[in-house]
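Just so it is clear, none of the values below were taken in a lab; they were calculated from the coordinates. Remember, it's a predicted structure, so these values are computed and weren't measured experimentally. Note that each Cβ is placed from the backbone with ideal geometry, even for glycine, and that neighbours are counted across all protein chains shown.
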Amino acid sequence: MFETLTKAPGDKILALMGEYAADPRPTKIDLGVGVYKDEKGVTAVMSAVRKAEQRILENEKTKTYLGIAGNKGYGAAVLDLALADSVDRSRVRIAQAPGGTGSLWVLMQLVNRAKPGTTVWVSDPTWPNHNPIAENSGLKVKTYPYFDTETRGVKFADMLATLDKLGKDDVVLLHGCCHNPTGANLANDQWDQVAASLAKTGALPFIDLAYLGFGDGLLEDAYGTRKVISSVPEALIAFSGSKNFGLYRERVGAAILVARDAAQADVTNSQLLNIIRGAYSQPPDHGAEIIRTILEDAELRAEWETELNAMRGRMIRLREKLSEAIRQKSNSEDFDFIADHRGMFSLLGLPNETVEHLKAANGVYMIGDSRINVAGIPEDRIGDLADAMLAAIK
Ligand code: PMP
């Protein structure tokens, strides 16, 4: 059977992690893989998560099946967190799914069931897993302009001009906040214009919300999602609890659909549940029960928000310190964009030779497209990192 197969390409980020681990230099710096790390370089379990787990361990009565849509209390809590009252809940349905990736997967399958071979428009560039998830679901992928390699901001006029030309058979994948890989995000007035464009053209917004709370705050980061869904008749959202709750390996996310009315929501949701049933039957509970426990309890929720605020504050501080160090050393504003970007990443816009040089000469590891994870910037060695970057671009 399997002799027909040839080797699939390996994952570049995992390969880079392997190279980093094998590098003996004690001064090496890991700006590669996309997980939050604290000042010790550790992706720790959040304290609110640990407390929720203790409660679950003491109170859990059964391990029986949850049902196709997963943990109901979790679903309601995620809707409150992400959407609040931006849309009439009778038009909304939510199914817990395995991570943001699993949520993207089942929603792409849903689009393909509704209209096989639909085109999904993704930002140029986007998270590299968007393309295979869409294509493996039977969809086509095209790109809209996004990152301006000159300013390292968003090419907004070009983006909007492309979106304005789409029609009701198109799907537009938007990063709700904290764009991966670029770190360049839409301002609120730009979200307003995107929402108006989608309302006018009838293209279906599909929002990937993987970093809620990692940009400017829980409320601030939800602006775009809420604006878009309150402006259009139909929308899809893939939520992830991997980053903001630090639950990466628990695989907790949610597939959310907004339909034109309650009757359509029931029909569309029945297809979503049917897709899930035929894929993995139902999601695992643990991560969702942790999030439910935290969000429903005032004390745990406050503790979680404090921890999340600290992570976000640390990333913003590191951004400011690195861009400031480069400005002082080079007397140029060329890297000020690092402080303007938000979320865990910045795309530096360096050629691959420079990325390779930084790795070989200085042990500074970043993704080949020059994406850095700002949480990996060593606060006590920012000067060294700035020197290495300036030497590499000379
Ligand atoms: N979307 C984006 C843009 C991401 O960066 C990620 C994680 N790297 C995900 C979705 C999915 O995350 P997970 O499946 O781990 O929840």
**Request:** Using Cα pairs closer than 8 Å and at least 6 residues apart in sequence, work out the relative contact order for the range 65-296, in percent.
**Result:** 30 percent
**Modelled FRET efficiency - R0 51 Å, Gln328 with Glu135, Cβ distances, 0.05 increments** = 0.65
**Message:** If you fit an axis through the alpha-carbon atoms of helix 262-277 and take the longest principal axis of the Cα set of the chain, what angle between them do you get, 0 to 90°, nearest 10?
**Reply:** 70 degrees
**Complete:** Magnitude of the Cβ-charge dipole (Lys and Arg +1, Asp and Glu -1) of the chain about the Cα centre, nearest 20 debye, reported as 800 debye
**Item:** Inter-site label distance for Glu220 and Asp261 at 7 Å from Cα along Cβ, in nm
**Value:** 4.0 nm
**Item:** Using a Förster distance of 30 Å, the FRET efficiency for Thr149-Glu305 (Cβ separation, nearest 0.05)
**Value:** 0.25
**Asked** When the Karplus curve 6.51 cos²θ - 1.76 cosθ + 1.60 is applied with θ = phi - 60°, which whole-Hz ³J(HN,Hα) does each residue of the range 68-81 get, with x for Gly and Pro?
**Response** 4, 7, x, 6, 5, x, 4, x, 5, 5, 5, 5, 4, 5
**Request:** Can you give me the three principal axis dimensions of the chain from its C-alpha atoms, in Å, biggest first?
**Result:** 61, 55, 53
**Fill in**
For Asp124, other-chain or 5+-apart residues with amide H closer than 5 Å (H placed, Pro excluded) are Tyr144, Tyr146, Phe147
**Message:** Once you keep just the Cα pairs under 8 angstrom separated by 6 or more residues, what percentage relative contact order results for the chain?
**Reply:** 25 percent
**Asked** In nm, what is the difference between 0.36 nm times the number of residues separating Ala161 and Gln271 and their Cα-Cα distance?
**Response** 36.3 nm
**Prompt:** P(r) of the range 65-296 in 5 Å steps, Cα pairs, percent per bin?
**Reply:** 1, 7, 15, 21, 22, 18, 10, 4, 1, 0, 0
**Fill in**
For His341, His357, His130, ascending order of other Cβ atoms within 10 Å (fewest first) is His357, His130, His341
**Item:** Nonlocal amide H pairs with Val141, under 5 Å, H built at 1.01 Å
**Value:** Val120
**Request:** At 0.36 nm per residue, minus the direct Cα-Cα distance, what do Ala298 and Thr4 gain on full extension? Give it in nm, one decimal, please.
**Result:** 100.2 nm
**Message:** Return the Rg/Rh ratio of the range 1-48 with Cα-based radii and a Kirkwood Rh.
**Reply:** 1.18
**Prompt:** Rounded to the nearest 500, what is the chain's calculated 222 nm mean residue ellipticity when only DSSP H runs of at least 4 contribute -39500 (n - 2.57) each, over all residues?
**Reply:** -14000 deg cm²/dmol
**Prompt:** For the range 154-167, in order, what is each residue's ³J(HN,Hα) by Karplus, 6.51 cos²θ - 1.76 cosθ + 1.60 with θ = phi - 60°, in whole Hz (x at glycine and Pro)?
**Reply:** 8, 7, 5, 4, 5, 4, 5, 4, 5, 4, 4, 8, 7, x
**Compactness relative to 2.2 N^0.38 Å, alpha carbon Rg of the range 58-174** = 1.32
**Request:** Rank by packing, highest mean first: peptides 84-94, 174-184, 69-79, 249-259, with packing defined as the count of other Cβ atoms within 10 Å averaged across residues.
**Result:** 174-184, 249-259, 69-79, 84-94
**Message:** Taking only the Cα atoms of the range 291-388, how large is their convex hull per residue, in Å³?
**Reply:** 112 Å³
**Item:** In degrees, nearest ten, helix 47-59 long axis to first principal axis of the chain (Cα)
**Value:** 40 degrees
**Asked** Hey, fewest Cβ within 10 Å first, where do Ser47, Ser370 land in order?
**Response** Ser47, Ser370
**Message:** Compute the distance from the alpha-carbon center of the range 23-50 to that of the range 168-220, in whole Å.
**Reply:** 28 Å
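Based on the mean of other beta carbon atoms within 10 Å per residue, what is the order of 296-304, 60-68, 102-110, 194-202, most packed first? All intermediate terms of the calculation are to be shown ahead of the outcome.
Working: 296-304: 15.4, 60-68: 10.4, 102-110: 24.7, 194-202: 18.0.
By packing density, highest mean first, the sequence is 102-110, 194-202, 296-304, 60-68.
Taking other Cβ within 10 Å of each residue's Cβ, how do Lys28, Lys142 sort, fewest first?
Lys142, Lys28
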**Request:** For Lys72, go through the lysines and keep the ones whose alpha-carbon is under 26 Å away, minus same-chain ones fewer than eight residues off.
**Result:** Lys51, Lys61, Lys63, Lys227, Lys243
**Request:** Calculate, in nm to one decimal, what Glu60 and Ser47 gain on full extension: separation in residues at 0.36 nm each, minus their alpha carbon distance.
**Result:** 2.7 nm
**Prompt:** Angle between the Cα long axis of helix 286-296 and the longest principal axis of the chain, 0 to 90 degrees, nearest 10?
**Reply:** 90 degrees
**Complete:** Residues whose built amide H sits under 5 Å from the amide H of Arg371, excluding neighbours closer than 5 in sequence, are Leu348
